[in-house]
Each structure stands twice: as structure tokens, then as C-alpha cells.
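The values are calculated or read from the model by the stated rules, or taken from the named source; none is laboratory data. Because the structure is predicted, anything quoted here is derived from the model rather than measured. Backbone-built Cβ (ideal geometry, glycine too); neighbour counts: all protein chains shown.
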Amino acid sequence: MDKFLFLVGEGFKNLWRFKITTITSIISVFMTLYLIGILFTIGDNSQKLIVYLRSKYKIEVFFKQEISDTKAQKLTQEIQKIPGIRSATNINRADAARIFKQQFGEDILTLLETNPLPASCVVNISRTQSSAIDIAPIIAEIKKIDGVDEITFQGRLISRIERYYDLLFKTLTGVAIVILLVTISIISNTIKLTFYIRADLVKALKLVGASNIFIKIPFIIDGILQGLIGALLASAALYGTIFAGNHFIAAMTNRIRISSDLFIGLWLTIVAVLIGMIGASRATAKLLK
């Protein structure tokens, strides 16, 4: 117990003794975690936007002219069973004529004295899909159904949205990894500086038989404390930014809101502890060889 208290006390002392280097390291951790939190929030909200847009993807399926409304209803039910399809809404010939009148202001029955419009259905893509939507297999399955004449869909729009989102996700991930590596390096260099300053104490501990692990622990605790303080500041700044952003957006519209993960502060704390441990372990491992 005495050894444990000694090690923890040394970790806190290191934090206090070397204020300038410690503050520099904490600021680096704060900026890193804050940026990661912002990137995570952007990614999370982008994912929700993609899910919303996916729910708006529509495929229009037109049946052959000779297909009756009853048969079209059965074909629509068959289409709805295809994996990746959320719903399929049947549009009979009377509905098609009414839609034509709404869009063009003319009654096709009055113009032609007959209804040439075929029965059709509107297909909605599943909104719960987390990966990019591959529309081609769905279209291929619909084409296999006997009675289908023509299919129209927003292929280019779907591909463009999915491509841009995939690029955004990869970019945010790459930026986050680079920032983490830089921060680990900064913490490692800070611990190295502390280690050099306390070289005499380290030598004395080695002379009395202290193990490398025993010597490492105060420096690792120092790194963890730097990470925790940085995480606390970053979490507060992140929540403040989201609150301010929503307040600003609310002044313009009530339809958009920045959402945040309730546990993002916990995730940032876990990341802070890990980078603090890795940075300190990396520094002491090299110096104690």
C-alpha cells in the first residue's frame, strides 16, 4: 500500500513540478480530443443525414400495359419481398390518371377518352442499411419479375451521395489517426523531458534494486493525468460548441439540429487514458533500455 501511494504521489508531483511542459502537453491533448470530438460529431450527424436520404430513394416500376390492376397488386407484393426494399406502394391505373392530372393539369381520360397509363409501383429502399447502397442487385431482381416493363430510379444521385459520404468518412478517420499519433509523440517527449530532469532519482532507485516497472509507473500516471485533464477540458468545450451551434441554428430554422452522443465525454476520456499510457510507456521503454 505504501508503495502504491508513493507511486501515485510521484505521478502527481511530476505533474506539478514541470508546469510548463505539462501545460503544453495538456493543451495538445485538449486540442486533439476536441478535434476528434468535432470530427466524431460531424461523422455521426453525416451518417444520420445519409440514413435520412436513403429513406428518400425511390424506384419507379412500370408494369406492362396488359397487366391488370389485380395482377399489378400481386407483383408489387412480390417486389416488396426483395432484400433491401423497405416498402412498395402500388399505383393502379386510376391513381396514375389522377397523378397525371395533378402534375399536368389535364384529365387524360378527357383528352384520349381512354387511360393508356400502365399500373406501377413506387419502391422505397431500406433506411437501416449502414453500408453503401448497391442499387444494381435490387434493380436486377426487379427486372426478373415477369410483367415488369420499365424501371426508373435516381442512380446517379444515389451513387454520388454514397461516394461523397465514403470519402468524408475515410478523410475524417485519417485525420483523427494523424492527430492521435502527433499527440502521443508530444506526450512521449514531455515524459522524456521529465525523465531526464529526474535522472538522478532514477539512478538512485536502480541502485536500491527498483524494477523498471516500479520506475515507469509514476511517469505513466503522469501521462494518464495529462490525458484526463485534457479530456475534461475537451469534453466541456465540445458540449459548449454543440450547444452554441444549436442555439445559432435554432435562430434560423427548427428543422435542423446537431445531435451528440451522450457518452462522447466517456469515449474521449478512454482515448485520453490510452494515449497517455501509450505516450508514457513509449518514452520510458526507450530510456530504460
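Considering the conditions (1) more than 22 Å from residue 51 (Cα to Cα); (2) at pLDDT below 80, residue 144 is excluded by exactly one of them, (2).
Quick grid of which residues meet (1) closer than 24 Å to residue 40 by Cβ; (2) at pLDDT below 80; (3) loosely packed, with under 13 Cβ neighbours inside 10 Å:
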site: 175; (1), (2), (3): yes, no, no
site: 178; (1), (2), (3): yes, no, yes
site: 193; (1), (2), (3): no, yes, no
site: 203; (1), (2), (3): no, yes, yes
site: 213; (1), (2), (3): no, yes, yes
site: 242; (1), (2), (3): yes, no, no
site: 245; (1), (2), (3): yes, no, no
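Is it the case that the range 59-75 has a residue that's at pLDDT below 85, among the aliphatic types (A, V, I, L, M) and crowded, with 21+ Cβ neighbours inside 10 Å? Taking every residue of the range 59-75 in turn, none turns out to be at pLDDT below 85, among the aliphatic types (A, V, I, L, M) and crowded, with 21+ Cβ neighbours inside 10 Å.
Residues of the range 28-54 that are of a type in the set (D, E, K, R) and more than 30 Å from residue 276 (Cα to Cα): 48, 54. Restricting attention to the range 108-127, the residues being more than 45 Å from the chain's Cα centre (by Cα) and either within 19 Å of residue 69 (Cβ to Cβ) or modelled with pLDDT of 80 or more (or both) number 6. Out of all the residues in the range 43-50, is one or more in contact (Cβ under 8 Å) with a residue 60 or more places away in the chain, in a helix (DSSP H, G or I) and among the acidic types (Asp, Glu)? Scanning the range 43-50, I find at least one residue that is in contact (Cβ under 8 Å) with a residue 60 or more places away in the chain, in a helix (DSSP H, G or I) and among the acidic types (Asp, Glu), so the answer is yes. Among what's in the range 156-170 and is of a type outside the set (A, V, I, L, M, F, W, C) and surrounded by 12 or more Cβ atoms within 10 Å (Cβ to Cβ), pick the residue that is modelled with the lowest pLDDT. The residue in question is 159. Restricting 39, 53, 5 to those that are of a type outside the set (D, E, K, R), loosely packed, with under 13 Cβ neighbours inside 10 Å and modelled with pLDDT under 85 reduces the list to 5.
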